[in-house]
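J.: Before anything else, here's the structure in question.
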Amino acid sequence: MDSNEVRRQWAERSGEYSPEYYAYRGPDHVSEALYSILDRFVGREAAVLELGCSAGRHLAHLHERGFENLAGIEVNGEAFEVMADTYPEVAAAGTFHEGAIEDLVGEFEDGAFDAVYSVETLQHVHRDAEWTFAELARITDDLLVTVENEGDGEPRRDDPEVNYVHGDFPLYYRDWRGVFTDLGFDEVEAREGDRDTIRVFRKPDA
């Protein structure tokens, strides 16, 4: 499966892991962890970008707690319709971009966002689009947060660095600490969860 096929399948996703699925689940402990981290490191005036925002449940949690300058990238266009129904205040207040991360990230200026974060999104970026990570470093002015599955305890198939979710979508296991420290960030915090690891990175001069 190449990167174009991965993007197409996520753009057409329905049922489990679709925008409706995440909107139904609503904000959760990850939403609260993101709020705590962002509030502590950059504050509520920060310009914040979520990668793979889906219907906006994490952004809604931030907005309810005083964050106003919010943006999101989402490949599934139906997510914005679900957002308008489920989280209308976020839909009205935020700035949203439809498309794949690798197709959009080059449009942003250097340091465009005080904080950029992803929740189980970068783990699906295809290997031939890993250049995207350097672009994310470029547009992040201060704080970058990853909430990704790093593979601990996961069943492995022939390739120890990838797993297929329900035999369908590829999930790439990466050393996110290595990825972003190599791109000039300092890791300032890490939290192990049941499935994901939260890693907090800052630019040294931030």
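The values are calculated or read from the model by the stated rules, or taken from the named source; none is laboratory data. Predicted model only: the values in this text are computed from it and were never measured. Virtual Cβ from ideal backbone geometry, glycine too; neighbours counted across all protein chains shown.
The rows are residues; the columns are (1) at pLDDT 95 or above; (2) in contact with a Cys (Cβ under 9 Å, 6 or more places away or on another chain).
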| site | (1), (2) |
| --- | --- |
| 44 | yes, no |
| 48 | yes, no |
| 51 | yes, no |
| 55 | no, no |
| 62 | yes, no |
| 65 | yes, no |
| 73 | yes, yes |
| 78 | no, no |
| 83 | no, yes |
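J.: For the list (1) part of a helix (DSSP H, G or I); (2) surrounded by fewer than 23 Cβ atoms within 10 Å (Cβ to Cβ); (3) not hydroxyl-bearing (Ser, Thr, Tyr), I need the number of the one condition that residue 46 fails.
T.: Going through the list (1) part of a helix (DSSP H, G or I); (2) surrounded by fewer than 23 Cβ atoms within 10 Å (Cβ to Cβ); (3) not hydroxyl-bearing (Ser, Thr, Tyr), residue 46 breaks only (1).
J.: Regarding the stretch 141-151, can at least one residue be identified that is at pLDDT below 95 and crowded, with 22+ Cβ neighbours inside 10 Å?
T.: no
J.: In addition: Right, residue 120: within 26 Å of residue 69 (Cβ to Cβ), of a type in the set (D, E, K, R) and modelled with pLDDT of 95 or more or not?
T.: no
J.: Next up: All but one of (1) in contact with a strand residue (DSSP E or B) (Cβ under 6 Å, 6 or more places away or on another chain); (2) at pLDDT 95 or above; (3) buried (at least 18 other Cβ atoms within 10 Å of the Cβ) hold for residue 95, so report the exception by its number.
T.: In the conditions (1) in contact with a strand residue (DSSP E or B) (Cβ under 6 Å, 6 or more places away or on another chain); (2) at pLDDT 95 or above; (3) buried (at least 18 other Cβ atoms within 10 Å of the Cβ), residue 95 misses (3) alone.
J.: Taking the stretch 49-60 as the region of interest, how many residues are of a type in the set (D, E, K, R) and part of a strand (DSSP E or B)?
T.: Summing the residues that are of a type in the set (D, E, K, R) and part of a strand (DSSP E or B) in the stretch 49-60 gives 1.
J.: Here are 106, 72, 94, 77: which of them is of a type outside the set (A, V, I, L, M) and under 15 Å from the mean Cα position of the chain (by Cα)?
T.: After ruling out the rest, the residue left standing is 72.
J.: Is there a residue in the stretch 52-60 that is farther than 19 Å from residue 29 by Cβ and touching a residue at least 40 places away in the same chain (Cβ under 8 Å)?
T.: Checked the stretch 52-60: no residue is farther than 19 Å from residue 29 by Cβ and touching a residue at least 40 places away in the same chain (Cβ under 8 Å).
J.: Can you name every residue in the stretch 169-206 that is at pLDDT below 95, outside any loop (DSSP other than H, G, I, E, B) and within 17 Å of residue 133 (Cα to Cα)?
T.: 171, 172
J.: Given the condition at pLDDT 95 or above and surrounded by 13 or more Cβ atoms within 10 Å (Cβ to Cβ), answer yes or no: does some residue in the stretch 160-168 qualify?
T.: Within the stretch 160-168 (the criterion being at pLDDT 95 or above and surrounded by 13 or more Cβ atoms within 10 Å (Cβ to Cβ)), the answer is no, since none of the residues qualifies.
J.: Note down all Cβ pairs under 9 Å where the first residue falls in the stretch 76-104 and is closer than 17 Å to residue 61 by Cβ and touching a residue at least 12 places away in the same chain (Cβ under 8 Å), the second is buried (at least 17 other Cβ atoms within 10 Å of the Cβ) and of a type in the set (Phe, Trp, Tyr), and they're at least six residues apart or on different chains.
T.: Filtered contacts from the stretch 76-104: 79/22; 79/96; 82/22; 83/96; 91/80; 96/80.
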